[in-house]
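The values are calculated or read from the model by the stated rules, or taken from the named source; none is laboratory data. Not measured: the values here are computed from a predicted model. Heads up, the Cβs are rebuilt from the backbone with ideal geometry, glycines too, and the neighbour counts pull from every protein chain shown.
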Amino acid sequence: MTKAIKTEQTTAINISIDTIDHAILKLLQHDAKMTVKEISDKVHLSTTPVHERIKRMEKSGIIKQYATLVDHSKVKKGLMVIVYVSLKQHNKSAGTKFIKHINELNEVIECYNISGEFDFMLKVVAENMDAYYDFHVNKLSQSENIGHVQSVFVMGIIKQTHVLVH
């Protein structure tokens, strides 16, 4: 379950965060279901200023969304693959088409524009090798302008975190 935070504008608003904002972010990263009351008790403020701080950080884009982290192996997505993709043509139109296509593929859970030999790095989950093969041949490879694809299969996850504020 993901709840996107609605922002009035997608441009970044530069706001500074103080030690209390930092503490609030740290708490929310570890448990986004914490109530404002629970947070206010831990940061030693009343609920109203804590609520206002959270809303300000949501509006400014510091807090992008609230999400439920799901164990991929327990929801029939046991195969994780890192896929490196290079495009044949490197222009804005070709890149935009590729990105649009990738955003339509549910198997792709992360996509990064990278430097080096490849243009994009995708994190893909599938039920098994047959499902990944079907994705690779019938979905990803059908995208226009694909130059080279390299698949690296994840054998184990050593560290996986979304914690940015410590």
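Which of the residues belonging to the range 70-114 are surrounded by 15 or more Cβ atoms within 10 Å (Cβ to Cβ), among the β-branched types (Val, Ile, Thr), assigned to a strand (DSSP E or B) and free of Cβ contacts under 8 Å to residues at least 60 places away in the same chain?
If the condition is that a residue be surrounded by 15 or more Cβ atoms within 10 Å (Cβ to Cβ), among the β-branched types (Val, Ile, Thr), assigned to a strand (DSSP E or B) and free of Cβ contacts under 8 Å to residues at least 60 places away in the same chain, then Val108 is the only one that fits.
Of everything in the range 56-97, what is of a type in the set (Val, Ile, Thr), over 15 Å from the mean Cα position of the chain (by Cα) and within 22 Å of Gly116 (Cβ to Cβ)? Give them in sequence order.
Passing the criteria: Val81, Val83, Val85, Thr96.
For the range 88-108, state whether one or more residues are at pLDDT 95 or above, small (Gly, Ala, Ser), more than 28 Å from Leu164 (Cβ to Cβ) and in contact with a Leu (Cβ under 9 Å, 6 or more places away or on another chain).
no
So which of Lys139, Lys159 is under 28 Å from Lys33 (Cα atoms) and outside the structural domain of Leu28 (by TED's automatic domain parsing)?
Lys159
Residues to consider are Met155, Met129; find the one that is surrounded by 10 or more Cβ atoms within 10 Å (Cβ to Cβ) and aliphatic (A, V, I, L, M).
The unique qualifying residue is Met129.
Give the residues of the range 136-155 that are at pLDDT 95 or above and in a loop (DSSP other than H, G, I, E, B), sorted by residue number.
Lys139, Val154, Met155
So which residues in the range 115-135 are within 21 Å of the chain's Cα centre (by Cα) and either assigned to a helix (DSSP H, G or I) or at positive phi (or both)?
Hits for the range 115-135 are Tyr132, Phe135.
Step by step: first the residues of the range 25-49, then only those that are surrounded by fewer than 12 Cβ atoms within 10 Å (Cβ to Cβ) and of a type in the set (Val, Ile, Thr), then the one that is farthest from Tyr66 (Cα to Cα). Which residue is that?
Thr48
Evaluate the following for Ile5: is it at pLDDT below 95 and in contact with an Asp or Glu (Cβ under 6 Å, 6 or more places away or on another chain)?
Yes, satisfied.
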